[in-house]
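Before any comments, here is the structure.
The numbers here are math on the coordinates, done by the rules we state, and not lab data. As the structure is a computational prediction, the values presented were derived from the model and not from experiment. Cβ placement follows ideal geometry from the backbone for every residue including glycine, while neighbour counts extend to all protein chains displayed.
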């Protein structure tokens with residue numbers, strides 16, 4: 001049982017996502033009789049997220065530095081509605097490196113087509129927004 005006095009399970013993470021849906025009483029839903037969800041088929045939300053993550057780990061991560069891979073993972077984790085809006089300062093604090101290293105990593109990820117910038121942030125505009133891509137497009141000849 002996790003109490004407030006215990007440290008979080010993951011460093012820097014105070015809340016973990018639920019592993020099951022619960023009803024109003026806090027007990028997990030039980031599938032009885034004719035379940036509406038196909039057995040063994042992951043939900044769309046988690047299935048798609050894991051497919052993208054698996055594609056990145058299997059093919060997109062090749063040749064990336066540690067900072068580049070961690071930057072991509074933080075942006076992927078922060079993706080909502082197709083884009084991630086996380087400051088370089090926040091990424092740097094979470095992965096334990098400098099803001100400059102994250103800025104360089106973002107540039108290299110963009111050149112490798114693993115990130116697409118959809119909004120350029122700045123002073124009085126907030127952080128940039130990125131679309132995270134798991135596998136870069138093959139080079140054009």
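Figures for the structure shown
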item	result
Complete set of residues in region 75-86 that are surrounded by fewer than 17 Cβ atoms within 10 Å (Cβ to Cβ) and either without any contact (Cβ under 8 Å) to a residue 40 or more places away in the chain or in contact with a helix residue (DSSP H, G or I) (Cβ under 8 Å, 6 or more places away or on another chain) (or both)	77, 78, 80, 81
Selected residue (criterion: surrounded by the fewest Cβ atoms within 10 Å (Cβ to Cβ)) from residues of region 87-141 that are touching a helix residue (DSSP H, G or I) at 6+ places or on another chain (Cβ under 7 Å) and part of a strand (DSSP E or B)	117
When residues of region 56-84 are limited to those that are more than 9 Å from the chain's Cα centre (by Cα) and part of a loop (DSSP other than H, G, I, E, B), the one nearest to residue 96 (Cα to Cα)	65
Residues satisfying the stated conditions in region 55-71, i.e. closer than 15 Å to residue 132 by Cα and in contact with a helix residue (DSSP H, G or I) (Cβ under 6 Å, 6 or more places away or on another chain)	61, 68, 70, 71
